[in-house]
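Asks: Here it is, the structure, as structure tokens.
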Amino acid sequence: MVMATSLRRCGRRLVSSVFNNREFSTTCQGNKVIQQQHEQLQETGKSLNLCSAINQALHIALETDPRSYVFGEDVSFGGVFRCTTGLAEKFGKKRVFNTPLCEQGIVGFGIGLAAMDNRAIAEIQFADYIFPAFDQIVNEAAKFRYRSGNQFNCGGLTIRTPYGAVGHGGHYHSQSPEAFFCHVPGIKVVVPRSPREAKGLLLSCIRDANPVIFFEPKWLYRLAVEEVPDNDYMLPLSEAEVIREGSDITLVGWGAQLSIMEQACFDAEKEGISCELIDLKTLIPWDKETVEASVRKTGRLLISHEAPVTGGFGAEISASIVERCFLRIVDAIKATVNY
């Protein structure tokens, strides 16, 4: 009960283009346009949880683009988390439909649909079960554009999947497998932290010119609640957000972990430690510049994620920032130990 109350508070508090040298196509609208749209958002809307915000984004995607399709296991009656409730009734079962229990087939079908200039929005019921589709994602979707010399692509493919622990999911319904896909040129990996972010980022993913895996923090489906604009809006990909400014240490995270990290910032503040908190949002391609600028200011970096430490994406962030900010971090260490 205490955890739920804390997360609801977090959902209300957490309201709100940088590309690396990987195989990507720029989005048709561009991050600058999306950012301008983001800044113009009016603080009007309904109080929604993350599940409802996802549903609203899917509704807008289907309504604004007749080439959009939503499919996956049980999605026609709302899915196990009810994120697709009402979509089949409104848009018909030719655009919102169930698939066999075959993740490889779901993604393979999505690749073909997207290759024919459609917006394929595939749902993998749990991120733990995305692995049967690993070959289709890594060897087909990610390489589709490259292997054809940019003559063909499946950039209209978005794979939605809930990830993370909920306290009772066990080993088959609790995993955070995002790092597996961050090794792969040609796809993007996005993880939202709150309802407002989820809606805007999902619409950006669906309309992006590259295949995207959109990991949804299922822990927050019902617990995170905030005001979400009713209108159609997008938030920029590959652009981290400083959601709390500080001067002593930089904290970096994504998804559900942000609520825990924000509470850590409050606790540290009581002890006189000023924390700067950054939501990475997009893991691939990630916004190195924002994190680097923060670490150059604070001299310290802490990365927290729910996935396993060994081979986790935190190691990539750590290595990149140490490479860029080594002397600044050394100076901070010297100052701490009175070198």
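The values are calculated or read from the model by the stated rules, or taken from the named source; none is laboratory data. Model, not experiment: these values are computed from the prediction. For neighbour counting, all protein chains shown are included, and Cβ atoms are generated from backbone atoms with ideal geometry for every residue, glycine included. For accessibility, only protein heavy atoms count, side chains too; no ligands or nucleic acids. Shrake-Rupley method; radii C 1.70, N 1.55, O 1.52, S 1.80 Å.
Asks: Condition first: part of a strand (DSSP E or B) and over 30 Å from ALA133 (Cβ atoms). Now tell me which residues in the range 242-269 satisfy that.
Replies: VAL242, ILE243, ARG244, ILE249, THR250, LEU251
Asks: In addition: Search the range 161-170 for residues being outside any strand (DSSP E or B) and on the phi < 0 side of the Ramachandran plot, and hand back the single one that is surrounded by the fewest Cβ atoms within 10 Å (Cβ to Cβ).
Replies: HIS168
Asks: Against the condition closer than 23 Å to ALA256 by Cα and hydrophobic (A, V, I, L, M, F, W, C), how does VAL330 come out, does it pass?
Replies: Values: closer than 23 Å to ALA256 by Cα: no; hydrophobic (A, V, I, L, M, F, W, C): yes.
Judged against the criteria, VAL330 is not a match.
Asks: Then there's this: From GLY311, GLY255, grab the single residue that is within 27 Å of LEU202 (Cα to Cα) and open to solvent by less than 10 Å² (accessible area, probe 1.4 Å).
Replies: Residue meeting the stated conditions: GLY255.
Asks: Any residue at all in the range 171-185 that is within 20 Å of ILE60 (Cα to Cα) and either open to solvent by 10 Å² or more (accessible area, probe 1.4 Å) or not in a strand (DSSP E or B) (or both)?
Replies: no
Asks: Then there is this: In the set SER304, SER247, SER274, which member is surrounded by fewer than 20 Cβ atoms within 10 Å (Cβ to Cβ), under 21 Å from the mean Cα position of the chain (by Cα) and of a type in the set (Ser, Thr, Tyr)?
Replies: From the options SER304, SER247, SER274, the qualifying one is SER304.
Asks: Scan the range 139-151 and tell me whether some residue there is more than 22 Å from LEU58 (Cα to Cα), over 17 Å from the mean Cα position of the chain (by Cα), aliphatic (A, V, I, L, M) and surrounded by fewer than 18 Cβ atoms within 10 Å (Cβ to Cβ).
Replies: Taking the range 139-151 as the starting set, the residues that turn out to be more than 22 Å from LEU58 (Cα to Cα) are 139-140, 142-151.
Narrowing further to those that are over 17 Å from the mean Cα position of the chain (by Cα): 139-140, 142-151.
So of that shortlist, the ones also aliphatic (A, V, I, L, M) come out as 142.
Next, only the ones that are surrounded by fewer than 18 Cβ atoms within 10 Å (Cβ to Cβ) stay: none.
Within the range 139-151 (the criterion being more than 22 Å from LEU58 (Cα to Cα), over 17 Å from the mean Cα position of the chain (by Cα), aliphatic (A, V, I, L, M) and surrounded by fewer than 18 Cβ atoms within 10 Å (Cβ to Cβ)), the answer is no, since none of the residues qualifies.
Asks: Okay, moving on. Is it the case that ILE317 is closer than 30 Å to ASP128 by Cα, open to solvent by less than 10 Å² (accessible area, probe 1.4 Å) and out of contact with any Lys or Arg (no Cβ under 8 Å at 6 or more places or on another chain)? Lay out the reasoning, then the answer.
Replies: Details: closer than 30 Å to ASP128 by Cα: yes; open to solvent by less than 10 Å² (accessible area, probe 1.4 Å): yes; out of contact with any Lys or Arg (no Cβ under 8 Å at 6 or more places or on another chain): yes.
For ILE317, the condition - closer than 30 Å to ASP128 by Cα, open to solvent by less than 10 Å² (accessible area, probe 1.4 Å) and out of contact with any Lys or Arg (no Cβ under 8 Å at 6 or more places or on another chain) - is met.
Asks: What's the number of the condition LEU157 fails, among (1) surrounded by fewer than 18 Cβ atoms within 10 Å (Cβ to Cβ); (2) modelled with pLDDT of 95 or more; (3) not hydroxyl-bearing (Ser, Thr, Tyr)?
Replies: (1)
Asks: Filter the range 298-332 down to residues that are among the small types (Gly, Ala, Ser) and not in a loop (DSSP other than H, G, I, E, B) and give me whichever is modelled with the lowest pLDDT. Full working, then the answer.
Replies: Kept after step one, since they are among the small types (Gly, Ala, Ser), are these residues of the range 298-332: 299, 304, 307, 311-312, 314-315, 318-320, 332.
Next, from what is left, pick out any that are not in a loop (DSSP other than H, G, I, E, B): 314-315, 318-320, 332.
Working: GLY314: 97, ALA315: 97, SER318: 97, ALA319: 97, SER320: 98, ALA332: 92.
Per the stated criteria, the residue is ALA332.
Asks: Now, a different point. Of the residues in the range 277-286, how many are crowded, with 23+ Cβ neighbours inside 10 Å and part of a loop (DSSP other than H, G, I, E, B)?
Replies: 3
Asks: What do you reckon, is ASP128 open to solvent by 30 Å² or more (accessible area, probe 1.4 Å) and more than 16 Å from CYS205 (Cβ to Cβ)?
Replies: no
Asks: Looking at (1) among the aromatic types (Phe, Trp, Tyr); (2) open to solvent by 40 Å² or more (accessible area, probe 1.4 Å); (3) not in a helix (DSSP H, G or I), find the lone condition where PHE71 falls short.
Replies: With respect to (1) among the aromatic types (Phe, Trp, Tyr); (2) open to solvent by 40 Å² or more (accessible area, probe 1.4 Å); (3) not in a helix (DSSP H, G or I), PHE71 is out only on (2).
Asks: Report whether or not ASN210 is within 23 Å of ALA114 (Cβ to Cβ) and open to solvent by 30 Å² or more (accessible area, probe 1.4 Å).
Replies: It is false that ASN210 is within 23 Å of ALA114 (Cβ to Cβ) and open to solvent by 30 Å² or more (accessible area, probe 1.4 Å).
Asks: For the range 23-82, which residues satisfy the criterion of being at pLDDT 90 or above and of a type in the set (Lys, Arg)?
Replies: LYS46, ARG67, ARG82
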